[in-house]
Amino acid sequence: MTWLRRRFQFTMLKDLARKFTARAYLAYARRRDRNDVYDVGEYLSKIATALILPPEQPEHFKTAIRILDDLRQNFAQTQFYLLTPKACTEMVSLDERIRLISYETEEIGFHGLPKDTLQQAIRSRHFDMVIDLNLDFNLIATFLCRTSEAKLRICFVHPARDPFYNFQIRALDSNSLAQKYQSLVNYLAVFTNNLMPREAMAETADVL
């Protein structure tokens, strides 16, 4: 019983530490915010490398990566890198245009931030674009997005994400999880001339 109580207390302390870290990191980012502004359509046409940050939860991860085929069609010359928890690697069908950056849970520190090994795995590569597929603010994904130093950083709308991302998409709340991911693909397809704007707007409420 004592062991269970101590484990519960440790988990509670860990959760509180991660919430505090997320708030502190957000405040830090707001002071250092330097979002660039450019022609999104022109920039998207030149994307050579892209980092995809899917949700950590296996059930959401599986749904999120279904859009990889569409992304490959819309960005025919792009090399994609998928950040993947080791537990989810078997869900991914690899080819020459999709490479994995996998990590163990031990590579995430007590406060919820990626350790140096995982940070270096991102810093050692150049990314033109990052797409965060988490519907809500995720400290690991947000931290690694900033670490990547990609010029175009895409995510779903969330107030805490403003300092980190410069292209946010608002999916309809009534949509299913799969529809929300597809709305992101549809809107990006407008800029790559693979979809009529009306089709995308049927799925997407607005873009910030």
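Cα-based radius of gyration for the stretch 90-170, normalised by 2.2 N^0.38 Å, reads 1.12. For the pairs Lys46/Lys115; Lys115/Lys151; Lys46/Lys86, note any where the Cα-Cα span goes beyond 27 Å. Pairs exceeding the cut-off: Lys46/Lys115; Lys46/Lys86. Taking the DSSP beta bridges with both ends in the stretch 74-140, the antiparallel portion is around 25 percent. Positive contributions from Lys and Arg (+1) and negative ones from Asp and Glu (-1), summed over other residues with Cβ under 9 Å from the Cβ of Ser148, come out at +3.
Mean separation of Cα pairs under 8 Å and 6+ residues apart, divided by the residue count of the stretch 105-164: what relative contact order is that in percent? Averaging sequence separation for qualifying contacts and normalising by length gives 34 percent for the stretch 105-164. With Cα atoms defining each centre, the stretch 63-86 and the stretch 90-169 are spaced 13 Å apart in the structure.
Computed over neighbours whose Cβ is under 13 Å from that of Gln119, the net charge equals +1, Lys and Arg +1, Asp and Glu -1.
Every read-out reported here was derived from the displayed coordinates using simple, explicitly stated rules and does not represent laboratory data. This is a predicted model, so every value here is computed, not measured. Reconstructed Cβ throughout: ideal geometry from the backbone, glycine too, with neighbour counts over all protein chains shown.
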